[in-house]
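The values are calculated or read from the model by the stated rules, or taken from the named source; none is laboratory data. Note that this is a predicted model, so its numbers are computed, not measured. Positions of Cβ are generated from backbone atoms using ideal geometry, with glycine treated the same way; all protein chains shown enter the neighbour counts.
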Amino acid sequence: MKIIGLTGGIGSGKSTFCALMAERGIETVDTDQIAREVVAPGTMGLQQVLAEFGQAMQNSDGSLNRAALREDIFTNPADEVPRKKLEGILHPLIQAETQRQIWAYQQDATYQAPYLLVAIPLLVEGILKTGQKPSYLDEIWVLDCDEATQIARARQRDGVTQQQIEAIIASQATRAQRRTWADWVIHNDADLTNLKQQINARLTNP
């Protein structure tokens with residue numbers, strides 16, 4: 001079983017891709033989901049975020065106010081300090097849980113798929129800091145599409161403004177940087193049929 005780091009910018013179609021792979025028996029360790037879990041009500045992660053960014057980042061039900069946190073971090077894209085503070089809190093927690101889930105699949109004799117996906121939106125951003133991919137990954141797959149498609153998808157999905165999405169894109173690695181580290185580039189500018197064709201071709205000739 002190969003451990004695959006799956007990445008791509010906001011709105012590149014990672015969730016859709018993972019759902020299609022799941023139909024073929026290939027599971028995903030979703031670091032976005034893990035990121036939500038480590039700041040769930042009552043967790044140490046949430047307490048640390050609130051201590052750093054203030055109680056205004058908490059909803060009345062005790063959950064994290066993601067919209068307020070996103071606005072705080074990306075209102076001024078040139079100011080990287082808030083984003084780096086958040087990453088410093090969350091990344092160690094996310095990394096530990098990611099490794100635990102990967103290990104669980106490796107120990108599961110019933111999981112016989114050729115791949116295990118690890119969806120990491122900011123994978124290449126981390127690589128650019130260290131100069132090398134994480135040692136636990138065998139390959140990197142990159143979902144790639146043009147910026148206009150990213151913006152349209154993200155606005156429809158998240159209900160955020162174009163300015164916020166553009167700020168997020170500006171804070172992430174470029175398309176060229178992602179492709180540089182890719183063992184496989186998945187072109188996701190077209191329709192679902194095209195994406196399925198690429199998947200079928202890959203699984204037929206791994």
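Checking every residue in the range 54-61 against the condition of being under 30 Å from C145 (Cβ atoms) and surrounded by fewer than 20 Cβ atoms within 10 Å (Cβ to Cβ) gives zero matches. Step by step: first the residues of the range 1-42, then only those that are of a type in the set (D, E) and part of a loop (DSSP other than H, G, I, E, B), then the one that is nearest to F74 (Cα to Cα). Which residue is that? Going through the qualifying residues, I end up with E27.
Among residues belonging to the range 85-115 that are closer than 10 Å to V38 by Cβ and of a type in the set (V, I, T), point out the one that is surrounded by the most Cβ atoms within 10 Å (Cβ to Cβ). Ranking the qualifying residues of the range 85-115, first place goes to I94. Within the range 152-206, restricting attention to residues that are of a type in the set (D, E) and surrounded by fewer than 16 Cβ atoms within 10 Å (Cβ to Cβ), the residue that is nearest to I73 (Cα to Cα) is D189. Checked against the criterion of being surrounded by 14 or more Cβ atoms within 10 Å (Cβ to Cβ), in contact (Cβ under 8 Å) with a residue 40 or more places away in the chain and of a type in the set (D, E), the range 123-133 contains one or more residues that satisfy it. Across the range 2-45, the number of residues qualifying as more than 15 Å from the chain's Cα centre (by Cα), exposed (fewer than 14 other Cβ atoms within 10 Å of the Cβ) and among the hydrophobic types (A, V, I, L, M, F, W, C) comes to 3.
Counting the residues of the range 134-178 that are β-branched (V, I, T) and in a helix (DSSP H, G or I) gives 5. Of all residues in the range 128-153, those being at pLDDT below 95 and of a type in the set (V, I, T) number 3. Under the condition of being among the hydroxyl-bearing types (S, T, Y) and either part of a helix (DSSP H, G or I) or free of Cβ contacts under 8 Å to residues at least 40 places away in the same chain (or both), which residue from the range 45-89 is nearest to L6 (Cα to Cα)? Per the criteria, the residue is S63.
Once the range 137-150 is narrowed to residues that are more than 13 Å from I120 (Cα to Cα) and not acidic (D, E), the residue that is surrounded by the fewest Cβ atoms within 10 Å (Cβ to Cβ) is A148. One residue stands out in the range 16-44 among those that are in contact (Cβ under 8 Å) with a residue 24 or more places away in the chain and of a type in the set (S, T, Y): the one that is farthest from A96 (Cα to Cα), namely T16.
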